[in-house]
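Q: What follows is a single structure, and I will ask about it in a moment.
The values are calculated or read from the model by the stated rules, or taken from the named source; none is laboratory data. It should be emphasised that the depicted structure is a prediction, and the values quoted were computed from it without experimental measurement. Backbone-built Cβ (ideal geometry, glycine too); neighbour counts: all protein chains shown. Side chains included, ligands, DNA and RNA excluded: accessible areas come from the protein's heavy atoms. Shrake-Rupley method; radii C 1.70, N 1.55, O 1.52, S 1.80 Å.
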Amino acid sequence: MSELNQAELDRLLSEAKATDVSTPERLEAFRIAHFGRQGLLKDLNERFRAVPGPQKREMGQALNTFKQALQAHFDGAKAQLTAAEDAGTSGMDHTRPSGEAPLGSHHPIRIVRREILSIFDRMGFTVADGPEIEDDWHVFSGLNFPEEHPARDMQDTFFIQRNPDLLLRTHTSSVQVREMEQREPPLRIVMPGRVFRNEAISARAHCIFHQIEGLYIDRDVSFADLKQTLLVFAEQLFGSGTRIRLRPSYFPFTEPSAEMDVYWGLETEVDKRITKGTGWLEIMGCGMVDPAVLEASGIDPKEYNGFAFGMGIERIAMLKWQIGDLRAFFENDIRFLEQFTAAH
Ligand code: PHE
């Protein structure tokens, strides 16, 4: 290692000043090469220690002057870069929106549930909730399903062995009974929730699914009120001009009872397949609340009447997004769920 001298410092300084530091990356490389832990200054300081005593003072001053000049050069280059960036000449666009942070997505059942509830919210319905483990009264007997009545077979039920009176609710209609028992009419409520049926899992059936129940009890409620409420709902959910029809049906707790269909279309092969060639799709069950049900819940059927309806959320989500297999909602496959990020 040669002895440190003024000539070398002069040469090093002019080399440093000739280095290209016109981009942030080059300036950073310069900083590391000169001021870094293994950089030039570290090296020079070490060599300075070996300078013989009599020359130390002079070399020390020379080295200090060199350091200051190097630092001044670096600071100047850095200030120039910053000014260029501020003037927008660095190719960086400060007005660009930042990248979106990945936040996951809502589950499609959640998205549809929220949409349905908000439609009914705008019509003045409030939300009510009830237990998933229920007793026979709230799921069946209070809804006019007598014991041993074949209508119970419509809903294959999970019973709880240790207490034969307890079961997993097969429909959210149980919450109707609880609300009618606890509150005074008028009632205008929607009741979302999970329901359970002892069914083999397939593309069209699952042992767990979700429903939204509706109940409207007041004086002089008519079937026209039911139909108009459901028409407004269908138009809000599927678009204005949506056509509905009510087909006679049977439920023990409504009289008369109906199934509501929505007109889906019959143009494409898909339309034909999902509507089984009719163009119509079944959306929900509904009807005028049976006076026996009102009475069983402590509401005087001579004073009040009303309507009820119940729909499956999965079914509506399947229609909305043309999802062909119910199991997709329960498998939590991220490739499926990710497709709903834009649907919030
Ligand atoms: N609870 C019925 C079912 O699960 C649907 C329904 C609700 C029908 C309210 C009429 C009135 O099939």
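Q: Rounded to the nearest percent, how much of the accessible area of the stretch 108-337 (1.4 Å probe, protein heavy atoms only) is carbon and sulfur?
A: 49
Q: While we're here: Among 216, 263, what's the order by accessible area (1.4 angstrom probe), most exposed first?
A: Ranking 216, 263 by accessible area, largest first, yields 263, 216.
Q: Okay, next question. Between residue 49 and residue 18, what's the calculated FRET efficiency when r is the beta-carbon distance and R0 is 41 Å? Round to 0.05.
A: 0.90
Q: Rounded to the nearest 20 Debye, what is the dipole magnitude of the stretch 96-217 about its Cα centre when Lys and Arg each give +1 and Asp and Glu each give -1 at the C-beta?
A: For this selection, approximately 700 debye.
Q: Still on this structure: So how much slack lies between residue 126 and residue 201, counting 0.36 nm per residue of separation and subtracting their Cα-Cα distance, in nm?
A: 23.7 nm
Q: With a 1.4 Å probe and all protein chains kept in place, how do 290, 153, 43 rank by accessible area, largest first?
A: So, going from the largest accessible area down, we get 153, 43, 290.
Q: Give me the extension gain from residue 228 to residue 58: residue separation times 0.36 nm, minus the current Cα-Cα distance, reported in nm with one decimal.
A: Taking residue 228 through residue 58 to full extension adds about 51.2 nm, to one decimal.
Q: Here's another thing I want to ask about it. Tell me what the chain gives for mean residue ellipticity at 222 nm when only DSSP H runs of n ≥ 4 count, each as -39,500 (n - 2.57), the sum divided by the residue total, rounded to 500 deg cm²/dmol.
A: Calculated mean residue ellipticity at 222 nm is -12500 deg cm²/dmol.
Q: Under a 10 Å cutoff between Cα atoms, tell me which one of 138, 73, 149 has the largest fluctuation in the Gaussian network model of the chain.
A: Maximum among the listed residues: 73.
Q: Is the chain rounded, prolate or oblate when judged by the Cα gyration tensor, a ≥ b ≥ c being the square roots of its eigenvalues, rounded requiring a/c under 1.5 and prolate requiring a/b larger than b/c?
A: prolate
Q: Largest first, how would 23, 95 line up by accessible area (1.4 Å probe)?
A: 95, 23
Q: If I build a Gaussian network model for the chain, linking alpha-carbon pairs within less than 10 angstrom, which residue out of 271, 225, 93 has the largest mean-square fluctuation?
A: Of 271, 225, 93, the most mobile in the Gaussian network model is 93.
Q: Can you tell me the length gained on complete extension of the stretch residue 274 to residue 218, counting 0.36 nm per residue apart and subtracting the Cα distance?
A: So the chain would gain 16.4 nm between residue 274 and residue 218.
Q: So what is the accessible area of the stretch 61-197 per residue, in Å², with the probe set to 1.4 Å?
A: Roughly 58 Å² per residue, with all protein chains present.
Q: Follow-up question, since we're still on this one. Using a 7 Å offset from the Cα along the Cα-to-Cβ direction at both residue 240 and residue 103, what is the distance between the two label points in nm, to one decimal?
A: Spacing of the two 7 Å Cα→Cβ label points: 3.1 nm.
Q: Within the stretch 109-144, list the residues whose amide N lies under 20 Å from a label point set 7 Å along Cα→Cβ of residue 181.
A: 127-144
Q: How high is the FRET efficiency from residue 72 to residue 115, r the C-beta distance, R0 51 Å, rounded to 0.05?
A: 0.20
Q: Could you give the dipole magnitude of the chain about its Cα centre, charging the beta-carbon of Lys and Arg +1 and that of Asp and Glu -1, in debye to the nearest 20?
A: 1560
Q: To continue, here is another question. Report the GluC sites (Glu not before Pro) located in the stretch 135-223 that are in a DSSP loop and have at most 10 other Cβ atoms inside 10 Å of their Cβ, or state none.
A: 147, 148
Q: A follow-up question, please. Would you tell me the accessible area of residue 137, worked out with a 1.4 angstrom probe on the heavy atoms of the protein chains, in Å² to the nearest 10?
A: Only protein atoms counted, so the area is about 90 Å².
Q: Name the most mobile residue of 103, 41, 237, meaning the one with the largest mean-square fluctuation, in a Gaussian network model of the chain with Cα contacts below 10 Å.
A: So, out of 103, 41, 237, the one fluctuating most is 41.
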